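Here's the structure, in structure tokens; my notes come after.
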Amino acid sequence: MPALAVINYKRCATSYTIDKDGDMVAFLIGFLSQTQTDEAYIHFVGVHPDYRGRYIGQRLYEHFFEAVRGKRKKMTIKCITSPVNKQSIAFHTHMGFEVEESPWLEDGVYVHKDYDGPGLDRVLFKKEVTT
């Protein structure tokens, strides 16, 4: 398994890379909300196509869950994806995320219309983690 490297941003280590032989093969950029003290966000994640299917994304998410779990008794983790990204939707539900409901249902998935701007619909996820 490639090595996990933690990138520290100020006092909160919530962003990570996974490197293999000096090359980054995966990353997760996450943060704690500054206004909602019981919320954390996974902002951006990527796994090199050659390394998908090796539980690397799962490993990054679990590391993030552990990092935020100790901050409060209960923490809500949120993230989003595009409604056309069926692999991402399947991954997030497999990781225990719930899809946040909305008035719009497309292909059996709730979609938040224009979430990221006109025509930029998104699927919103949330997951509760406790200490």
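A few points about this structure:
- For the chain, the longest principal axis of the Cα atoms and the long axis of helix 56-69 meet at an angle of about 90 degrees.
- With only the Cα atoms considered, the range 44-105 has a convex hull volume of 102 Å³ per residue.
- K74 exposes around 120 Å² of accessible area when a 1.4 Å probe is run over every protein chain in place.
- Among G70, I42, S102 the positive-end extreme of the charge dipole of the chain (Cβ point charges): G70
- Loop-exposed chymotrypsin sites (Phe, Trp or Tyr not before Pro) per DSSP, neighbour cap 15 Cβ within 10 angstrom, longest uninterrupted part of the chain: 56-114
- 5 angstrom amide H check on G30, placed H, neighbours 5+ away: S15, Y16, H43
- J(HN,Hα) series, the range 40-53, from Karplus relation 6.51 cos²θ - 1.76 cosθ + 1.60, nearest Hz, glycine and proline x: 9, 10, 9, 8, 7, 9, x, 10, 3, x, 5, 10, 6, x
- The range 107-128-the range 39-68 distance, computed between alpha-carbon centres (Å): 20
- Accessible surface area normalised per residue over the chain is 62 Å², counting heavy atoms of protein chains with a 1.4 Å rolling probe.
- Element breakdown for the chain at a 1.4 angstrom probe: carbon and sulfur atoms account for 50% of the accessible area.
- Above-threshold pairs, the threshold being 31 Å between Cα atoms, out of K20/K78; K74/K113; K20/K74: K20/K74
- About its Cα centre, the chain has a charge dipole of approximately 560 debye under the convention of +1 per Lys or Arg Cβ and -1 per Asp or Glu Cβ, with nothing else charged.
- Along each principal axis, taking the top coordinate minus the bottom one, the Cα set of the chain gives 44, 36, 25 Å in descending order.
- Stretchable slack from H94 to T76, in nm (0.36 nm times residue separation minus alpha-carbon distance): 4.8 nm
The values are calculated or read from the model by the stated rules, or taken from the named source; none is laboratory data. Worth saying up front: this structure is predicted, and the values here are computed from it rather than measured. For neighbour counting, all protein chains shown are included, and Cβ atoms are generated from backbone atoms with ideal geometry for every residue, glycine included. Just the protein is used for accessible areas: all its heavy atoms, side chains included, with ligands, DNA and RNA removed. Shrake-Rupley method; radii C 1.70, N 1.55, O 1.52, S 1.80 Å.
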